[in-house]
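The values are calculated or read from the model by the stated rules, or taken from the named source; none is laboratory data. None of these values were measured; they are calculated from a predicted model. Reconstructed Cβ throughout: ideal geometry from the backbone, glycine too, with neighbour counts over all protein chains shown.
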Amino acid sequence: MSFFEYRHGELFAEQVSLSSIAEQYGTPCFVYSRRAFETKWQALDEAFGDHPHTICYAVKANSNIAVLNLLARLGSGFDIVSEGELRRVLKAGGDPSKVVFSGVAKSKSELAFALSNKVRSINIESVAELERVQEVAQTLGVTASIAFRVNPDVDPETHPYISTGMDKAKFGVTMEAAFDAYVRAAQMPNIEVHGIACHIGSQITKTSPFSDALEIVLNMVKRLAAEGIEIKQLDLGGGLGIDYQGETPPSANEYVQSMINGIKAHGVDLPIAIEPGRYISGNSGVMLTKVEFTKHNASKNFAIVDAGMNDLLRPALYQAFHKIVPINEKTTADTATYDVVGPVCESACVLGYDRDLAVEAGDLLAVMSAGAYSFVMANNYNSRRRPAEVMVDGDSTHLIRQRENFEQLVAGETLLPE
């Protein structure tokens, strides 16, 4: 189900035309659908049925506090990778007891903040980090609930930049290192072994990599049990893909049932946590942009728009594909093949190559599937101000982030003294 659809030749978000949003809030602008977020989260929740579970939304995908608050109201937990993300969750009304803290370089101050707020689990990614968690917990006089993020060396068959579960990745610990680390952790006075975590990558479009990783993780659970170390939760990460350009990823039910079937086959009855981000937010948002000029060279046509790689970095960073469509369809205009390019002074500032469009200066375009890993990567390169974010709720719109102004852009900077 899409919540961004054409009606009489005009693209709508739920019941609001995107052209009216562009007129009211300007461009570039990110637009989200409340119903899309809710529907995606609820599909995962319902797929689990009565199996004990926690859906820990990956804050890094889209961290606007209105989005986090919306999910917290549904009962969501959260997967965080920094103190800043935890502060966002708390500000949005999230429950820290449903938070898992991942990431390879947690500082002492970040760990202290997380432990003071009683997060569910610190997902540890190295033996050195285990020592640091013990030190911080001892200083605070608390017990740290931990899981190790294990690295099953499974190929998720996705882009190398978002493959995280193979042996060459910076993330996680190898299976053999994890076993020894669990034994060590079980002997530490301020450590409580809570779970085992695994996240192999992102934008995965079939269940087999998840099943392969789960098999390896469950074998580790049995091995630890034989050592007297009880695992209380399986954190099976995220990574379920979405449709950017015709991909057919598993449904929420197929994805969840593959996990439940896997643990039942092993005779294991453990609560499951998952960390979806893109699946929930990716197709819940679009980016609006306006064509400033068209330019026609001998071998190439360009649609030059007001959104750049600073607003949407994914195409430059990952060579990621986003559909780009007109907000108002034209029935008589000539179609040509364009590169859709932005204003940033870099050749990589391209939102899409070789797109068949009927456009002219002043037209509005929508860059689809821009709800995940989009605004969160926005930056101020070329001293460009970050765009506004708008949430559509039925026939209403809510400005959930104002467009950045120049004073905010230079806040914190100072001149040298005379």
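Observations on the model:
Residue-by-condition table, conditions (1) within 21 Å of Glu5 (Cβ to Cβ); (2) modelled with pLDDT of 95 or more:
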site: Gly285; (1), (2): yes, yes
site: Leu312; (1), (2): no, yes
site: Ala320; (1), (2): no, yes
site: Thr332; (1), (2): no, no
site: Pro343; (1), (2): no, yes
site: Leu351; (1), (2): no, yes
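- For segment 367-379, the condition holds for at least one residue, the condition being that it is in the same structural domain as Phe293 (by TED's automatic domain parsing), in a strand (DSSP E or B) and touching a residue at least 12 places away in the same chain (Cβ under 8 Å).
- Any hit, segment 17-29, residues being surrounded by fewer than 17 Cβ atoms within 10 Å (Cβ to Cβ), more than 20 Å from Arg278 (Cβ to Cβ) and touching a Ser or Thr at 6+ places or on another chain (Cβ under 6 Å): no
- Pairs where the first residue, in segment 103-130, is farther than 16 Å from Val150 by Cβ and the second is in a strand (DSSP E or B), C-beta under 6 Å, 6+ apart: Ala114/Phe101; Leu115/Ala144; Val119/Val99; Val119/Phe101; Arg120/Val99; Arg120/Val100
- Of residues in segment 185-206 being of a type in the set (A, V, I, L, M) and in a loop (DSSP other than H, G, I, E, B), the one modelled with the highest pLDDT: Met188
- Matching residues, segment 209-236, being more than 23 Å from Val183 (Cβ to Cβ) and either among the basic types (Lys, Arg) or touching a residue at least 60 places away in the same chain (Cβ under 8 Å) (or both): Asp212
- Flag if Glu215 is charged (D, E, K, R), surrounded by fewer than 19 Cβ atoms within 10 Å (Cβ to Cβ), assigned to a helix (DSSP H, G or I) and modelled with pLDDT under 90: no
- Single condition Ser2 does not satisfy, out of (1) surrounded by 20 or more Cβ atoms within 10 Å (Cβ to Cβ); (2) modelled with pLDDT under 95: (1)
- Within segment 327-348, considering residues that are under 26 Å from the mean Cα position of the chain (by Cα) and part of a strand (DSSP E or B), the one surrounded by the most Cβ atoms within 10 Å (Cβ to Cβ): Val340
- Pair list, Cβ < 9 Å and 6+ apart or interchain, from segment 267-285 residues that are without any contact (Cβ under 8 Å) to a residue 24 or more places away in the chain to residues that are assigned to a loop (DSSP other than H, G, I, E, B) and hydrophobic (A, V, I, L, M, F, W, C): none
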